[in-house]
1. Once you've got the Cα coordinates, tell me which of A:Lys418/B:Lys285; B:Lys69/B:Lys395; A:Lys290/B:Lys398; A:Lys316/B:Lys380; A:Lys405/B:Lys380 are over 28 Å apart.
2. Would you work out which of B:Leu130, B:Ile117, B:Gly141 lies farthest towards the positive end of the dipole of region B:113-178, given +1 charges on the beta-carbon of Lys and Arg and -1 on that of Asp and Glu, about the Cα centre?
3. Taking 0.36 nm per residue of separation and subtracting the Cα-Cα distance, what length does fully extending B:Ile175 through B:Arg158 add?
4. Quick test of your reading: applying the under-4.7 Å Cβ rule, which cysteines of chain B are isolated?
5. Calculate, for A:Ile173 and B:Glu63, the FRET efficiency according to 1/(1 + (r/R0)^6) with r their C-beta to C-beta distance and R0 45 Å; round to the nearest 0.05.
6. Which whole number gives the average, over all residues in A:262-274, of C-beta atoms from other chains lying within 10 Å of the residue C-beta?
7. Set Lys and Arg Cβ to +1 and Asp and Glu Cβ to -1, take the dipole of region B:2-437 about its Cα centre, and tell me which of B:Phe76, B:Val303, B:Ala7 lies farthest positive.
8. Would you mind giving the mean number of other chain beta-carbons within 10 Å of the Cβ of each residue in A:232-238, as a whole number?
Amino acid sequence: MIGQIAKKEIHHNLYSIRFPALLVISVILFVLNGILAVTEPVQEIRMPRPSTTRLTVSRQHDALEFCAWGSNADRIQHATVMIGGSISPQTMDSPFQLPVRDRLAQFALPYADHIDWAFIIKIIFSLFAIIFTFDAVCWEREQGTLILMCSNPVSRSSVLLGKYLGACGTLLIPLMVGIILNLLVIVVVGGVMGTVSLQTEHWLRTGLLILASVLYISLFILLGLLVSSVAQRSSSSLLILLSFWVALVVILPNLAGILAEQTSKTESEYQLSRRQRQIWDLGGVSELNKQIDSGRITTQEELDRAAEELFIRIIKIMNDIESEHRGALVAKHRSARRIAMVSPAAIYQYVGEAIADSGFERQQRFLKSIRDYYLIYEDYVREKVGKVIPGCNWTFGMSRNIGGKEVYATSPRPEEYKNDMSGFPYFAEPRWSIMDSLRTSLHNLAILFLWSILFFVAAHYVFVKRSLR
Amino acid sequence: MIWIVAARETLDNLMSLKFLFGTVLCLVLVVISMMVSLRDYQNRMDEYESAISEFNEKPDVLEFKIYRKPEVLSIFACGFEKRFGNVATVYPTIPVQAGGFMGASESAQFSAEFASIDFLFVVRVVLSLLAIFLSYNAISGEYERGTLKLALSRPVPRASIILGKLVAGIICLLIPVIMSFIIGILIIQFIGGIAFTSEDWLGISSIAGVTILCVMSFYMIGLVVSSKTRQAAISLLILLLIWITGVFLIPGITTAVVGRYRLMASNPGRDITAINGDFYERMQKDPGPDLHEDQEAYAKYRVKWDELEDGRNRSIWNLRRQYLNRLYSQADLARWICRLSPSESCAYAAEAMARTDIGAYRSFMRYVRSYHEPHREFVKTLWKDREKFNEDRRKYSKTPDVPPIAFSASFRSAAPDICLLAVLNVLFFMLSVLFFIRYDVH
């Protein structure tokens, strides 16, 4: 009986104008996504030249970035590691400090969501899930067919379940058509052009993402059924649902950003640089002057030694301040993401990023693996050069007159090791296996599932209790 | 007769749940966004002032900084205000590099994941949707209920019915828009304690005008679709598709596609590095006479050197300019395509009027660059007196106040978008009249 109701629903939906509309949008967007994915230029990872002063490390290419693109800030491909512990992601996308990676050069283009799978499903399919179900119950109630249907020997639960399966079925057709065309473009064109090649692991991840998408879409179907059972008229049902949709999908995830901004304050870059400058001025130049004035430094050699010692100490403080600042920014961003999780759309986005191994957390893992790598790198440099003198942009430059002799204080510079550099520890980014991705997204999937169960139970309760007229 | 139709329609809308809900949502979001943007603006202003006083206390001609004042109206339309730099450094020896940040560039990078909920966001998402909700059943809904037949059975010209609906729409949409602006202005004046100048008032009222034009154009689209369909549900469905295309798909697809076209402009970074390498190599080969031994020979050498440096600066700047122009023209292209959507046009016009658009940034950079040449000449004259240079470099410079963009100029750059919106409104209204006159009520 459930099957029959589902079939009737599917037939009913297939003949309405909504179905071709969704099919067309889905095909256009998915094919566009495929074309964008295969025309994305491949950046090969070049091994950096072994160096004991500074090197650039690169992130591995993601084959699945077309599934969940993440924001551009999380797409930093390179970072500079300087001996001394300064690790700076190459973020500049301002027009004058020209970008390292071309894709960051979008500086003047409007901010917009990238057309990736996560976007298409998060926005378009959730909207259509509502459009397909807003009248599922109340329209039949208005027409009086609901009472007819329930006069048959069929339980109300199976009517509801049938309607759910019917809506799922109709939404899955455009989804699968779109995805198959998308993958076809990527496999065929990407294979010919040699830009994208998908391995078994990627196929498994894609399958997982499709399952998560079905869960997400069914959440909105159930929400639609719930409101449709509550509402008296189908037009008010649609209005209520659209308000819910705008709040859940558009407003709440974005509101999280400013809420987190209010709850956790971080220093601005200007304040940070001012604090650094103060430390530099007080602890560096004036400290040296003080030591000279007090007569502790009398010769050039002593000055050199004092300058070196001071320099190493200050740079360490600077690096600590900077990484503390970055840590605060990351913590703020994490709390924004946590707040955003009141919205299923944000949860789905995070699941997509975890499965595609992209986005903010991937970026943070990349940076963390560089920090881990740095320790090995420093050991290597210490072993080769003997000592670690931090490289940085700050320099002492002062001259003083001690006992009629001019002395100069200069910053020590890290040394480039000239001899054999074999055994250089290259950076290799550890990647997440599918199990890792699954493990982190498990609780998110569970939340999505709980939302669905909640909506289903509520819809069931309302549908059973409420009059059929 | 128009007024009777308008009054009835207005009352109908005002009493409806959708109007109440939309207005409340809009006002709540406006309050939140205003409070947040206000605080953000005050932080930026504090930093601007402390940065300027700090620079003027200890100025340096070798690292001469010019600061861009935060715009008050960025509270309404943030635009590119926080995305582009607001400090430019004029080094006498290299072309203007500008693009530094006061305020929070890195945190802006971080929060790129979350759209900034400024006033424009509320207009784009909430008010446009409210406009559609108010108009989707204007004609088709009455047809379904059968009231359209009744209304037309009386001696009323059809044009006046649709005109009445238009007036009703204007009244109903003006209420949330005007209330939002009043709340916004009250928050800025009383909580922020900021007094507006007359230019600011002009800017705010034009932003309000643009907002109304934008919201009205969505209302008109609703009228057009509604007078072409027979079922309210279908007209709402079509309108939702139009809305989602205008608000999400057009900007998204345009950015993605035009972003690809960008690849044709190649980054001149490598060429610039080559030019610099060449220059420093020549410098190393010919270190010149010692300053302390032969002052005259050194001065001659220095003149030659300055010329070389000028040449290098020119060629680097040419490369950069070409690349930047490509990027800007690309952004222009993207904006022109995005103008298919009224909400984007509205955003561009409001940003232009708030002086937070790309044009405002470019005029700031032009000002900074116009400073470069005279500044370099000035430093050369200081340079002549070697012994005193270290004192002089901290004596002679105070950072200039960047002249603000006049309202007339910002209005001029917003004019195409305003015209576009106005034309769209008229066009849609004429279409809806045309469709309604041919509407079959049976």
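1. Values: A:Lys418/B:Lys285 23 Å; B:Lys69/B:Lys395 24 Å; A:Lys290/B:Lys398 30 Å; A:Lys316/B:Lys380 38 Å; A:Lys405/B:Lys380 31 Å.
Exceeds cut-off: A:Lys290/B:Lys398; A:Lys316/B:Lys380; A:Lys405/B:Lys380.
2. B:Gly141
3. Numbers: separation 17, 0.36 × 17 = 6.12 nm, distance 2.65 nm.
Full extension from B:Ile175 to B:Arg158 adds 3.5 nm.
4. B:Cys26, B:Cys78, B:Cys172, B:Cys338, B:Cys419
5. On the way: r = 63 Å, r/R0 = 1.40.
It comes out at approximately 0.10.
6. Details: counts 4, 0, 0, 1, 4, 2, 12, 10, 16, 6, 2, 3, 4.
Whole-number average of other-chain Cβ neighbours for A:262-274 is 5.
7. Most positive-ward Cα: B:Ala7.
8. Numbers: counts 0, 0, 2, 8, 3, 0, 7.
Average neighbour count from other chains, rounded to a whole number: 3.
We did not get these values from a lab; they are worked out from the coordinates using the rules stated. Given the structure is predicted, the values throughout are model-derived calculations rather than measurements. So basically every Cβ, Gly included, is an ideal-geometry build from the backbone, and we count neighbours across all protein chains shown.
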